[in-house]
Amino acid sequence: MMGGASVGIIVTTENDRIVNVEGDPEYPPTKGFFCVKGKAITELIYHPDRLTKPMRRVGPRGSGQWEEISPDEAVSHIADKIRKVIDEHGSESIAFHMGAHRNDLIGEFMQRLGKTIGTPNFATVDNVCSKARSLADKYTFGQKCFPDHNQPSECLVVWGRNSLDTGGESRMDIIRQAREHGTKILVIDPRETSMTKMAHQWVKPKPGSDGFLAMAMLKTIIQEGLHDREFVEKYTVGFDKLRVMLGGYSYEELKKETWISTEDMKRFARTYATSKPAVIQTGNPLDQTPNSYQSCRLISILRAITGNLDVPGGEILASGVPFVDIKDVEDRSKRPMIGSEFKVAASQGLAPSQDVLRAALTGDPYPIRASLIFGSNPLMTYANTEGVHKAMMCLDLIVTAEFFMTPTAKYCDIVLPVAANHEYDDFSPKFGHIVARPKIIDPPGECRPDIQWMNLIAKELGLEGFWDGPREAFDEILEPAGLTYQELVEKGAVWGPLKYRKYVDEGFKTPSGKAEIYSEALKEMGVFPIPEMVDHITSTEDYPLVMTSGKDSYYYHSSGRTLPSLRRISKEPLVEMHKETAERYGLVDGEMAYIETSEGRITQRVRVNDSLDPRIIFVAHGWWFPERDNMGWKEANDNVLTKWDGPKCRDMGAVTMRGIPCKVYPV
């Protein structure tokens, strides 16, 4: 278990109440950095509208008619419904959904519960968020890599992410360190951000064309002999096959696909390849295209052929701290996972969310009848909002664990009040280390952490292999590390050993022991062993513009709209476009616009942004309005514009969420 870095914080309490939260300057990955989302945690904890008791629906689904019940009644109701679904449809007809990692081990607990019940259907956001990148690393050099936390890099590539505002993965301190060291910062983003403002080089690709840009970089590096010849010869397999594949793509074709000039692509590649050691930080846009997995594989290969793997200041393959993998239990399901045709995702048990929900509507390949949702708001964050709503209305049971009544919670049968950070014991497995997150205050009312609700449901179902409380579970999980949870709390953080160039003596954690540019393991799964681009989307006469989107700097996907300090900063959803685009379609800065695709139409307020290519619009993501009676879940929600069907990534099952043909016009 390994994640990116969270933020180190110092919490001050008075009379069992949190009065201050600030960044911890002693925590190496973040060195005191603390974003506005983190600072707003006390607003969430003490919010007057926070749910503190379980709620059971008593009126029609979506009517907003509820009754308060006890935790025992809630868990009993859930268990009874689960048993009924199993009896009538089979255990595989139960699906689990996970979004935010409120507990860093929530996914492991969820899979343990699901496998013990007998379902393989775990619909997480991972198919469109992060897993394409980590699994690209895994099938290339055996494990996910992270920027070195001890040594500065000579070059930092920030690819499709705004690391200062919305990214917590790897290390926030890397940006400060890069500026102090004089690191060359290269940014790939179609829109100006705080990162592009400090970039030495900035290229603006067509949304969704990342794989073609990676090909252009590889082509330049290899043609000009800028790769690390010794590393390639000794520690990789498949380099010659890569060269042949790249020969099938001309610069003219790559320029057409990316909207970047050949000279700019070459200059970008040369800077990266000749400024060693170098690291690449990547973001969500890479995970949300028809070519998501293959694009990420090309980036993993870039890291390898330039010799930046496991070197000081480069991309580290951390040893980490050993754990018990609690999801490694007997899978009692008899039918295959929905979405098992997406082989790379299926190898990790990741069921694409859209296919799980489609099964609730169609019964294909078998019906989904119950959804248990933890840390997720599918009505806002899953593709095809109308389809999600129709699927939810078909289910026999929907349960969610939430802080507030959200658009998704409104349509549930049971809403479980969930504990917030600082209200429960937790720990985080991170890059090369683990950190304790001990309980500081008691949660209000009947709030419980997600994993405790899962334990209670398991016990009510009579399942074995679960715990009375998180600390008991953590003691068992930490046993291979020679720690109890209390000992971890006392230490604060425990770091694994750091050793560079482990591959010289130990090889890579791949079947060949080398970095696999050509992967036999992928070939055996029916996946391209050398990355190739397949589907790409083009604009049409009816939909002449290209739509992309991004997370608001002040919100975590769809969450945070209930918090006053954040809402004061970011009041409403804005659609950004070049002034030429606005003029061409009769739009005025500050007025409302319709954004339309083949799937639907939403409204957002126009903001002119001349950093964008006139062919692009940038749509705000995750917007709903808790102050409105209907919460406005269809009014400005960008996922009204996305769809379940293709083109999808054939390896991850990812739907297209970037580079979508669209049009705009005045309201």
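The values are calculated or read from the model by the stated rules, or taken from the named source; none is laboratory data. Given the structure is predicted, the values throughout are model-derived calculations rather than measurements. In this analysis, Cβ positions are derived from the backbone assuming ideal geometry, glycine residues included, and neighbour counts consider all displayed protein chains. Ligands, DNA and RNA are stripped out before the accessible areas are found, and what is left, the full protein with its side chains, is counted by its heavy atoms. Shrake-Rupley method; radii C 1.70, N 1.55, O 1.52, S 1.80 Å.
With respect to (1) part of a helix (DSSP H, G or I); (2) of a type in the set (Asp, Glu); (3) at pLDDT below 90, the lone exception for GLU43 is condition (3). Of (1) in contact with a helix residue (DSSP H, G or I) (Cβ under 6 Å, 6 or more places away or on another chain); (2) surrounded by 24 or more Cβ atoms within 10 Å (Cβ to Cβ); (3) assigned to a loop (DSSP other than H, G, I, E, B), CYS296 satisfies all except one. Which? All conditions pass for CYS296, except number (3). Among the residues of the range 183-211 satisfying the criterion of being closer than 21 Å to PRO29 by Cβ and open to solvent by 30 Å² or more (accessible area, probe 1.4 Å), which is farthest from the chain's Cα centre (by Cα)? Here the answer is MET198. Picking from residues in the range 354-363 that are in contact with a Gly (Cβ under 8 Å, 6 or more places away or on another chain) and surrounded by 23 or more Cβ atoms within 10 Å (Cβ to Cβ), the one that is nearest to THR381 (Cα to Cα) is GLN354.
If the condition is being surrounded by fewer than 19 Cβ atoms within 10 Å (Cβ to Cβ) and not hydrophobic (A, V, I, L, M, F, W, C), then the range 614-631 contributes PRO614, ARG615, PRO626, GLU627, ARG628, ASP629, ASN630.
Just to be sure before I move on: is LYS327 among the basic types (Lys, Arg) and modelled with pLDDT under 95 in the structure I sent? Judged against the criteria, LYS327 is a match. No other residue among ALA515, ALA593, ALA582, ALA521 is open to solvent by less than 20 Å² (accessible area, probe 1.4 Å), under 28 Å from GLY646 (Cα atoms), touching a residue at least 12 places away in the same chain (Cβ under 8 Å) and of a type in the set (A, V, I, L, M, F, W, C) apart from ALA593.
Of the candidates LYS266, LYS234, the single residue that is open to solvent by 20 Å² or more (accessible area, probe 1.4 Å), assigned to a helix (DSSP H, G or I) and closer than 20 Å to THR510 by Cα is LYS234. Looking at the structure I just gave you, is GLU108 of a type in the set (D, E, K, R) and either under 26 Å from LEU563 (Cβ atoms) or surrounded by fewer than 14 Cβ atoms within 10 Å (Cβ to Cβ) (or both)? Answer is no for this residue. The single condition among (1) hydrophobic (A, V, I, L, M, F, W, C); (2) closer than 22 Å to LYS643 by Cβ; (3) open to solvent by 10 Å² or more (accessible area, probe 1.4 Å) that ALA351 does not satisfy is (3). Could you list, in sequence order, all residues of the range 212-255 that are aliphatic (A, V, I, L, M), over 24 Å from SER512 (Cβ atoms) and within 31 Å of the chain's Cα centre (by Cα)? Within the range 212-255, LEU213, ALA216, MET217, LEU254 qualify. Of the residues making up the range 181-195, those that are touching a residue at least 24 places away in the same chain (Cβ under 8 Å) and closer than 21 Å to THR274 by Cα are HIS181, THR183, LYS184, ILE185, LEU186, VAL187, ILE188. Can ARG133 be described as in contact with a helix residue (DSSP H, G or I) (Cβ under 6 Å, 6 or more places away or on another chain) and surrounded by fewer than 23 Cβ atoms within 10 Å (Cβ to Cβ)? It is false that ARG133 is in contact with a helix residue (DSSP H, G or I) (Cβ under 6 Å, 6 or more places away or on another chain) and surrounded by fewer than 23 Cβ atoms within 10 Å (Cβ to Cβ).
For the range 373-412, taking the residues that are in a strand (DSSP E or B) and hydrophobic (A, V, I, L, M, F, W, C), the one that is surrounded by the fewest Cβ atoms within 10 Å (Cβ to Cβ) is identified as LEU397.
Residues are listed down the side, and each one gets a yes or a no for (1) part of a helix (DSSP H, G or I); (2) in contact with a Lys or Arg (Cβ under 7 Å, 6 or more places away or on another chain):
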{"site": "ARG61", "(1), (2)": "no, no"}
{"site": "GLY64", "(1), (2)": "no, yes"}
{"site": "ASP80", "(1), (2)": "yes, no"}
{"site": "ILE86", "(1), (2)": "yes, no"}
{"site": "ARG102", "(1), (2)": "no, no"}
{"site": "PHE109", "(1), (2)": "yes, no"}
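The set of residues in the range 339-367 being among the aliphatic types (A, V, I, L, M) and in contact with a Phe, Trp or Tyr (Cβ under 8 Å, 6 or more places away or on another chain) consists of VAL344, LEU350, ALA351, LEU357, ALA359. Scanning the range 248-263 for residues that are part of a helix (DSSP H, G or I) and open to solvent by less than 60 Å² (accessible area, probe 1.4 Å) yields TYR251, LEU254, GLU257, THR258, THR262.
Of the strands (runs of 3 or more DSSP E) lying entirely inside the range 585-625, those containing at least 2 residues that are under 20 Å from HIS389 (Cα atoms) are 601-608.
The residues on offer are ALA40, ALA74, and the sole one that is closer than 17 Å to MET405 by Cβ and touching a residue at least 24 places away in the same chain (Cβ under 8 Å) is ALA74.
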